[in-house]
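The values are calculated or read from the model by the stated rules, or taken from the named source; none is laboratory data. Worth saying up front: this structure is predicted, and the values here are computed from it rather than measured. With ideal geometry, Cβ positions are generated from the backbone for all residues, glycine too; neighbour counts draw on all protein chains shown. Ligands, DNA and RNA are stripped out before the accessible areas are found, and what is left, the full protein with its side chains, is counted by its heavy atoms. Shrake-Rupley method; radii C 1.70, N 1.55, O 1.52, S 1.80 Å.
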Amino acid sequence: MGRSSYAARIIIIALGLILAFIYIIIHLYNVQIIQHSILYPKAKKKYTAVKKNHGMRGQIYDKNGHLLVGNIPSINIRANPQLVGEKDKCRELAGFFARKLNIDPTIIFRRLATKTRKGRNVCEVVIKNLVPLDEAEKIKEEVYDRKFKGIYFYDSVKRYYPKNELLANV
């Protein structure tokens, strides 16, 4: 067991390491270059997300601490005409919202009955924006009780001016 056996062992280990590095380089080339078009969309989908975050508008006070502009919580009511149903269901919903929100039922019916616009499906129409919170909660309960489909309630904020329009543009 002389020098030649140590040299042989070192050569075998060096060849093993070289082969391991060659395997790693080939594998990395395969993953990063050849399969890039397949793996990149999967990685992007897994590690990225889009989140819409609606910020609250601030309240405005004068130098004495009196409120000039505030916020009142409210609800925006929207509908998906694709999920609402056919004309009979649209008429029923238009009558319901007309009674509850004091809106012309023909306007609501026209919005709900329009399923496509310019060849594209309509996904959302406005029933009414900035509905007071207590009124919207009653409507929401009745919508769920009557099992209407395709009606959505979004939180919103209405600007409130305690001094009416005085200093509204400050």
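Label Q35 and V122 with points 7 Å out from Cα along Cα→Cβ: what is the distance between them in nm?
Label-label distance for Q35 and V122, simple model: 4.7 nm.
Roughly how many debye, to the nearest 20, is the charge dipole of the chain about its Cα centre, given +1 on each Lys and Arg Cβ, -1 on each Asp and Glu Cβ, and no other charges? The partial results should precede the final answer.
Details: 31 positive and 14 negative charges, 129 e Å.
For the chain, the charge dipole is close to 620 debye.
Roughly what angle does helix 36-47 make with the longest principal axis of the chain, taking Cα atoms, 0 to 90 degrees, to the nearest 10?
50
Give me the number: length gained by fully extending A20 to H54, i.e. 0.36 nm times residue separation minus the C-alpha to C-alpha distance, one decimal in nm.
Values: separation 34, 0.36 × 34 = 12.24 nm, distance 5.20 nm.
Residue separation times 0.36 nm, minus the Cα-Cα distance, leaves 7.0 nm.
For the chain, what does the helix formula give at 222 nm: sum of -39500 (n - 2.57) over DSSP H segments with n ≥ 4, over the residue count, nearest 500 deg cm²/dmol? Show your work: numbers first, answer last.
Details: 6 runs with 80 residues, N = 170.
Helix contribution divided over all residues of the chain: -15000 deg cm²/dmol.
Restricting things to alpha carbons, find the Rg to Rh ratio for the range 1-51 using the Kirkwood radius for Rh. Please list the in-between numbers first.
Values: Rg = 20.3 Å, Rh = 14.2 Å.
Taking Rh as the inverse mean 1/r over Cα pairs, Rg/Rh reads 1.43.
If I fit a long axis through the Cα atoms of helix 133-145 and take the longest principal axis of the Cα atoms of the chain, what angle between them do I get, 0 to 90°, rounded to 10?
80
Would you kindly give the portion of the calculated P(r) for the range 101-164 that falls above 19 Å, as a percent of all Cα pairs? Could you put the intermediate results ahead of the total?
Values: 934 of 2016 pairs.
In whole percent, the long-distance tail amounts to 46.
What are the extents of the Cα atoms of the chain along their three principal axes, in Å, largest first?
Computed over the chain, the largest-to-smallest principal extents equal 101, 57, 33 Å.
For K128, what charge total do you get from the other residues with a beta carbon under 11 Å from its beta carbon, if Lys and Arg give +1 and Asp and Glu give -1?
Values: positive: R78, K100, R111; negative: E135.
So the surrounding residues net to +2.
Taking all protein chains as present, what is the carbon and sulfur share of the accessible area of the range 1-131, in % to the nearest whole number, probe 1.4 Å? Don't skip to the end; give the middle numbers.
Numbers: 6280 of 10330 Å².
Result for the range 1-131: 61 percent of the exposed heavy-atom area is carbon or sulfur.
Does anyone have the angle between helix 87-101 and the longest principal axis of the chain? Alpha-carbon axes, 0 to 90°, nearest 10?
Rounded to the nearest ten degrees, it is 70.
Please give the net charge around I151, taking every other residue with its beta carbon less than 9 angstrom from that of I151, where Lys and Arg add +1 and Asp and Glu add -1. Walk me through the intermediate numbers first.
Details: positive: R78, K140, K149; negative: none.
Net local charge, I151 excluded: +3.
For the range 11-89, what value does the Rg/Rh ratio take when both radii are computed over Cα atoms and Rh is the Kirkwood radius, given to two decimals?
1.46
Towards the positive end of the charge dipole of the chain, with charges on Cβ (+1 Lys, Arg; -1 Asp, Glu), say which of L133, Y61, L15 has the farthest Cα.
Among L133, Y61, L15, the one farthest towards the positive end of the dipole of the chain is L15.
Can you give the accessible area per residue of the chain, in Å², using a 1.4 Å probe? List each step's numbers first, then the result.
Details: 13390 Å² over 170 residues.
With the other protein chains kept in place, the chain gives 79 Å² per residue.
Longer than 30 Å from Cα to Cα, which of K115/K140; K115/K147; K42/K128 are they? Say none if no pair is.
K42/K128
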